[in-house]
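So the structure is just underneath, and the comments pick up after that.
The values are calculated or read from the model by the stated rules, or taken from the named source; none is laboratory data. Just so we're clear, the structure is a prediction, and the values are computed from it rather than from any experiment. Cβ atoms come from the backbone with ideal geometry, glycine included; neighbour counts cover every protein chain shown. Areas reflect the complete protein model, heavy atoms only, side chains present, ligands, DNA and RNA absent. Shrake-Rupley method; radii C 1.70, N 1.55, O 1.52, S 1.80 Å.
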Amino acid sequence: MLDFIIGHFNNATYIMLMMIGFYAMTGKTNLVKKLVGMNIFQWSIILFVVSLSAKRNATIPIVFGNHSPGGPAHLDASNYVNPLPHVLMLTAIVVGVATTGVALALLLRIYKRYGTLDEKELLKSVRSSG
């Protein structure tokens, strides 16, 4: 059992981070804590996908020269790293940073208008003013 846990340490770590982020998003009432939980959740998914797409003893998929399929210099795809998951996660990082920036700007406006970032107090204030 211990060997299994040690062998899958990265998966267990990502799942633990994901659950911490999920708890912060659902269990906290402060909007900044919810935003931090969303970021933890997002980063755990990004790290998980990047770790799944990593290959040992593989090289980058850049091939020089004239290689024809089935010829003497036939290329084996198992020797190369697939760059697509890494590129997609790079895009996810950019989207996450932009989302965090917009969310922080919205939280700043909410705090200036209502004087609180607590979800329960905010709902009371919105219901009483409307």
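For region 54-81, the tally of residues that are open to solvent by less than 90 Å² (accessible area, probe 1.4 Å) and either at pLDDT 85 or above or assigned to a loop (DSSP other than H, G, I, E, B) (or both) stands at 13. Checked against the criterion of being aromatic (Phe, Trp, Tyr) and surrounded by 17 or more Cβ atoms within 10 Å (Cβ to Cβ), region 6-15 contains one or more residues that satisfy it. Among the residues of region 29-47, the ones that are over 8 Å from the mean Cα position of the chain (by Cα) and open to solvent by less than 70 Å² (accessible area, probe 1.4 Å) come to 8 in all. The number of residues in region 94-130 that are open to solvent by 50 Å² or more (accessible area, probe 1.4 Å) and closer than 15 Å to GLN42 by Cα comes to 5.
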